[in-house]
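Structure first, then comments.
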Amino acid sequence: MSVPPLTNLSEDERLLFDSVLEFAESEIAPRVREMDEQAKFPKDLIPKLFDLGVMGIEVPESLGGSGATFVHSVLAVEALARVDASVAVLVDVQNTLVINAVTRWGSDEIKTRFLPMLAGGTVGAYALSESGSGSDAFALQTRATELGGGFTLTGHKLWITNANEADLFIVFATVNPEAGYRGITAFLVERGTPGFRIGKKEDKLGIRASSTCELLFADCLVPEANVLGEVGKGYKVAIETLNEGRIGIGAQMLGIAQAALDHAIRYTKERKQFGRAVAEFQGVQFELARAAMEVEAARLLVYNAARLRDAGRPFLTEAAMCKLHASEVAERVASLAVNLFGGYGFVKDYPVEKLYRDAKIGQIYEGTTNLQLQTIAKALLT
Ligand SMILES: Cc1cc2nc3c(=O)[nH]c(=O)nc-3n(C[C@H](O)[C@H](O)[C@H](O)COP(=O)(O)OP(=O)(O)OC[C@H]3O[C@@H](n4cnc5c(N)ncnc54)[C@H](O)[C@@H]3O)c2cc1C
């Protein structure tokens, strides 16, 4: 049996990619500048994303989702990121982290309760990081104390994507700080639960329309039925969903890189200096050629990791590689696009300075570049 090329999309993959890109170009592109300047995610865009079918991609049709694959999620994130990386990350967190964790670790009762909500209008968020625990995520301090039929959560989370839009939060807390990572437990916490509130929103360099906030818990009572997976096994929920989440971030970075390349090609073909289009200069052509090669390599890494995941094959190292490489390519190609736009690349009337700012986050969240290198090195050396 011949193996199809990695970048060959099946008919339904192509259909999804094209329809999401078309949506992004018509519904999001005209608002991108305002969203970035105001650092606001437009409320009315969220129901449109649900209608588009990108908020419950892997949720079975019987539970109200699209019943599609992880590759579809990755393609949706890439297509959105070509236009706006903030919208892309909202969809990415919803699918590759929240729905993924609920699907994988939820009991039948949790799945039938929460998946239709998530596919039908509820945005999710994933709350692991704290002020003192980022790369060393399992040093988290948020405390879960057992209290007749449930747990009370006390502590705070930092940097939580989608916090302003979400109604359902996966929150990691420890039931026993002395037990180290073996105390960590994942909880499903609904907005409005007494003792839980959203704190300060960060003012960021890039992905400014994506909300990133602090979460505050003070004796917040969560019923036992909302424990996701087993008590003390939250570290597994976190590690395994983040392995997949990283492929989504790779796709987000791929979308940014492709957009930067497309803008650079268009602009250099139009812009004239010394009586010729600047794209006619070999120095510019070589830079575009190198960027195109890097984008293609990033695409191969991202699609390969996603297809390995759907095939049920190991993908840990490939996921780390795709996120690391795609994030570096996004930064390099966006930087090149700024250079090739000259002075116009440095101002907000043109889209490339935002791509450059948006690319930076890819090397930080869901595991910094050093942590991806650590994962890859560990696989090489054990
Ligand atoms: C916009 C944004 C959105 C985010 N969204 C979420 C979210 O939705 N949910 C969530 O839980 N978190 C989220 N995060 C948090 C993010 O995952 C962390 O910021 C990230 O994991 C890094 O942690 P840190 O900021 O504490 O940096 P640190 O861990 O303090 O790292 C600082 C530096 O030290 C390096 N370093 C640390 N340890 C090592 C080591 N062992 N070897 C080599 N170098 C090392 C790092 O690579 C980095 O360069 C978000 C962050 C941002 C900025």
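The values are calculated or read from the model by the stated rules, or taken from the named source; none is laboratory data. Quick caveat, the model's predicted, so the values are computed rather than measured. Ideal geometry is used to build each Cβ from the backbone, glycine not excepted, and the neighbour counts take in all protein chains shown. Each accessible area value is taken on the protein alone, full model and side chains, heavy atoms only, with ligands, DNA and RNA left out. Shrake-Rupley method; radii C 1.70, N 1.55, O 1.52, S 1.80 Å.
Structure data summary
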read-out: Helical mean residue ellipticity (222 nm; -39500 (n - 2.57) per DSSP H run of 4+; nearest 500) of the chain; value: -15500 deg cm²/dmol
read-out: Formal net charge of residues neighbouring Ser10 (Cβ-Cβ distance under 13 Å; K, R +1; D, E -1); value: -3
read-out: Mean separation of Cα contacts under 8 Å, 6 or more apart, over the residue count of the chain: relative contact order %; value: 16
read-out: Mean projection area, nm², convex hull over Cα of the stretch 309-368; value: 4.9
read-out: Accessible surface of the chain [probe 1.4 Å, protein heavy atoms]: carbon and sulfur percent; value: 54
read-out: Sites Glu280 and Leu300 - FRET efficiency at Förster radius 22 Å, r taken between beta-carbons, to 0.05; value: 0.15
read-out: Sum of side-chain charges, Gly229 neighbourhood, beta-carbon under 14 Å (Lys, Arg +1; Asp, Glu -1); value: 0
read-out: Summed side-chain charge close to Ala291 - residues other than Ala291 whose Cβ falls under 11 Å, Lys, Arg +1, Asp, Glu -1; value: -2
read-out: Spherically averaged projected area of the chain from its Cα convex hull (nm²); value: 20.2
read-out: Gap separating the Cα centres of the stretch 227-245 and the stretch 313-382, nearest whole Å; value: 25
read-out: Burial ranking of peptide ranges 300-311, 274-285 (average Cβ count within 10 Å, highest at the top); value: 300-311, 274-285
read-out: Degrees, to the nearest 10: 234-270 long Cα axis against longest axis of the chain; value: 20
read-out: Antiparallel content of DSSP bridges confined to the chain, in %, to 5; value: 85
read-out: Above-threshold pairs, the threshold being 23 Å between Cα atoms, out of Lys157/Lys354; Lys236/Lys360; Lys157/Lys204; Lys111/Lys233; value: Lys157/Lys354; Lys236/Lys360
read-out: Counting all C-alpha pairs of the stretch 1-133, share separated by more than 26 Å (%); value: 27
read-out: Taking the stretch 134-251 and dividing mean pair separation by its residue count, relative contact order in percent (alpha carbons under 8 Å, at least six apart); value: 31
read-out: log10 of Debye I(q)/I(0), alpha-carbon scatterers only, for the stretch 235-382 at 0.11, 0.15, 0.16, 0.21 Å⁻¹; value: -0.46, -0.74, -0.81, -1.16
read-out: Segment Lys272-Glu34, extension gain: residue separation times 0.36 nm, minus the distance between their alpha carbons; value: 82.7 nm
read-out: Surface accessible to a 1.4 Å probe, per residue, for the residues of the chain, Å²; value: 44
read-out: Candidate aspartates and glutamates for bridging to Lys40, where Cα separation is under 12 Å - those fewer than 8 sequence places away on the same chain excluded; value: Glu165, Glu202, Asp203
read-out: Rounded tilt (10° steps) of 282-310 against the dominant C-alpha axis of the chain; value: 30
read-out: Residue order for Lys233, Lys157 - accessible surface, 1.4 angstrom probe, largest first; value: Lys233, Lys157
